[in-house]
Amino acid sequence: MSEMKYILPALAIFAIAGIEMAYAENFTVEMTENGFSQTSLSIADGDSVTFVNTHVKANGNIEPHAISDPFASPYTELSYWILSNSETSHTYTLNCDGYEFFDRFFDVPSITIECGTSAPEYTGEYTLLSLQEELAEITADLNLAIEEAGTLQNSMTNLNGIIANLEYDVSERDTTITDLEVQLTQVETANDNLETEKADLIIERDGWKQLSDNWYAVALEQVRVMVEVLGL
C-alpha cells in the first residue's frame, strides 16, 4: 500500500507532463528526374521533412541530387547534402520560420515549406484524484483480467488432465488390441496345424480303408477257392 502512495503521485506528474507533449509528424518529399515531387508543403512547428532521391538511372545506380542546407553557416549555393548511392535521403526538423529548398545539381523549381494551421492541443488537466480514480479503474480491470486468466488456466489444467486420461485409455486399448492380435495369430496358427493334422489323418484313414478293402477282397477270393475245392 505504501508503494501505491509513491506510484500515484509519480503517475500524476507523468500524465500531466505528457499532456503538453506534441507529436511531430514526418513528411517525405521525393527528388526525381523532373524535380521535387511537390513545390509546396504545409507543416506544423517541430515536424520533420525527409528528402529522398528516387532518381534511378538505367544501370540501376542513383543519379546524384543535392538538397540545399538552410542551416549551414554561412549559407551559400554550395551549402547542400549530396543524395546518391551512399546516402539516398536526408531529414530536416523544421520550425515555423519558413524555408525554401533547392536541388543544386538540377535546374528545377524549388519547394517552399511553411507552417499551416496549428494542430489543436488538448488543454484539459488531470487532477491527482481523477488519476487515482482512473488508476483504480484500470487496476480493477487488471484484477478481473487476472482472475479470468486464472479461471482459464484452471480450465486448461482440467482439460490437460482429461486429455492425459484419454491418452492413457487409448494406450490401454492399443495394448489390448495388440494382445488380441497376438492371440488371434496363435489361434490361426493352431488352426492351420489342426488342418494339417486333419489332412494327414484323412490320408492315413484312406490308406487303411484301401488296405482293408484289399484284404477283404483277398479273403473273399480264398473263401471262393475253398468252396470250389471242397465242393461246398
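Of note:
- Counted by neighbouring Cβ atoms within 10 Å, the residues Asp213, Asp69, Asp45 run from fewest to most as Asp213, Asp45, Asp69.
- Cα-based shape type of the range 82-189, given that a ≥ b ≥ c are square roots of the gyration tensor eigenvalues and the cut on a/c is 1.5: oblate
- Considering only the chain, percent of DSSP beta bridges that pair antiparallel, nearest 5: 60 percent
- Val218-Thr189 FRET efficiency (beta carbon distance; Förster radius 45 Å; 0.05 resolution): 0.55
- Amide H contacts under 5 Å for Cys115: Ile43, Gly98, restricted to partners 5 or more places along the chain or on a different chain, H placed in the peptide plane at 1.01 Å from N.
- Prolate/oblate/rounded call for the range 23-120, Cα gyration tensor, a/c under 1.5 rounded: prolate
- Stokes-Einstein D in µm²/s, Kirkwood radius over Cα pairs - the chain at 10 °C with 1.306 mPa s viscosity: 53 µm²/s
- Maximal additional length on extending the Trp81-Ile203 stretch stands at 32.8 nm, based on 0.36 nm per residue less the C-alpha distance.
- Relative to the longest principal axis of the Cα atoms of the chain, helix 128-230 runs at roughly 20 degrees.
Readers should treat all values here as calculations from the given coordinates under stated rules, not as data from a laboratory. Every value quoted in this text rests on a predicted model; they were computed, and no experiment measured them. A quick note on method: Cβ atoms are made from the backbone with ideal geometry, for glycine too, and the neighbour counts reach across all protein chains shown.
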